[in-house]
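Worksheet: one structure, shown below.
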Amino acid sequence: MFRVIQIPVGGLDHNWSYLVISSDGCAAIIDPCGDSGKIRDALMNAGNITPAAILLTHAHRDHMDALNDVLEFFHAPVMGYRNLNNHQHIDMGKDNYLEVIYAPGHSYDSVLYRAGDDSALFTGDTLFVDCVGFGDSDALFHTLRYIADNFPDHITVYPGHDYGDVPAATLGELKKSNLFLRCTTIERFRRAHRMMN
Ligand SMILES: [Fe+2]
């Protein structure tokens, strides 16, 4: 079981950072960015935790611009595409893990993190509530189809930016409401994505 704290860190474009805490208190920070004071506050409010990892969904500057500040008060290894393998499990204490899923499209180094109990999927700039990231349309289409086909509808999608009516939504809800996730052919997706890019 995981607790997910979504932190509105501001930043260039309504970024989210996340504090993810397993039932035995192992904590990961996903995308240390924006106002590091808000990340520190979230940690203070979280109670007793053990730092396990700092995870990057990709290396765009707006998702990691508070990394150095966060490392001063959260001592954990920094992980991302460069030092993680596809489908690798990141240990989050007894019986808990986050799975790494390579997700090329928005950038070559985009990754998703899935809570091992299928309660949460952290999607960075790959999938937002109302839209998707810019980038390589064909690669992104295949990544989105992978998401649609491989994760349960009840999994909650936590994106890297606050783009949408709600801060987070289940995959089942997004399959109905997100125009890009609804594109089931590459031709339709290319057209929609081209208009956005
Ligand atoms: Fe990005």
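The table below lists the values:
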{"quantity": "Total residues in region 135-175, condition among the polar types (S, T, N, Q) and more than 16 Å from the ligand (Cβ to nearest atom)", "calculated": "3"}
{"quantity": "Residues located in region 163-183, provided they are surrounded by fewer than 19 Cβ atoms within 10 Å (Cβ to Cβ) and touching a residue at least 60 places away in the same chain (Cβ under 8 Å)", "calculated": "163, 167"}
{"quantity": "Leading residue by the ranking (nearest to residue 2 (Cα to Cα)) among those in region 136-162 that are small (Gly, Ala, Ser) and touching a residue at least 60 places away in the same chain (Cβ under 8 Å)", "calculated": "160"}
{"quantity": "Residue list for region 102-114, restricted to those being within 12 Å of the chain's Cα centre (by Cα) and either among the small types (Gly, Ala, Ser) or surrounded by 21 or more Cβ atoms within 10 Å (Cβ to Cβ) (or both)", "calculated": "103, 110, 111, 112, 113, 114"}
{"quantity": "Strands (runs of 3 or more DSSP E) (entirely within region 43-126) containing at least 3 residues that are within 16 Å of the ligand (Cβ to nearest atom)", "calculated": "111-115, 120-124"}
{"quantity": "Number of the exception - residue 78 against (1) under 15 Å from residue 15 (Cβ atoms); (2) out of contact with any Asp or Glu (no Cβ under 8 Å at 6 or more places or on another chain); (3) not aromatic (Phe, Trp, Tyr)", "calculated": "(1)"}
{"quantity": "Test result for residue 9, of a type in the set (Val, Ile, Thr), assigned to a strand (DSSP E or B) and in contact with a Leu (Cβ under 8 Å, 6 or more places away or on another chain)", "calculated": "no"}
{"quantity": "Some residue of region 128-137 being under 19 Å from residue 20 (Cα atoms) and at pLDDT 95 or above", "calculated": "yes"}
{"quantity": "Scan of region 27-43 for residues that are over 19 Å from residue 92 (Cα atoms) and surrounded by fewer than 20 Cβ atoms within 10 Å (Cβ to Cβ), ordered by number", "calculated": "35, 37, 38, 40, 41"}
{"quantity": "Residue list for region 44-59, filter: surrounded by 15 or more Cβ atoms within 10 Å (Cβ to Cβ) and closer than 19 Å to residue 121 by Cα", "calculated": "52, 53, 54, 55, 56, 57, 58"}
{"quantity": "Criterion (surrounded by fewer than 17 Cβ atoms within 10 Å (Cβ to Cβ) and at pLDDT below 95) met by exactly one of 91, 117, 95", "calculated": "95"}
{"quantity": "Filtered residues of region 143-188 (kept if assigned to a helix (DSSP H, G or I), within 21 Å of residue 109 (Cα to Cα) and among the hydrophobic types (A, V, I, L, M, F, W, C))", "calculated": "144, 147, 148"}
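The values are calculated or read from the model by the stated rules, or taken from the named source; none is laboratory data. Given the structure is predicted, the values throughout are model-derived calculations rather than measurements. Reconstructed Cβ throughout: ideal geometry from the backbone, glycine too, with neighbour counts over all protein chains shown.
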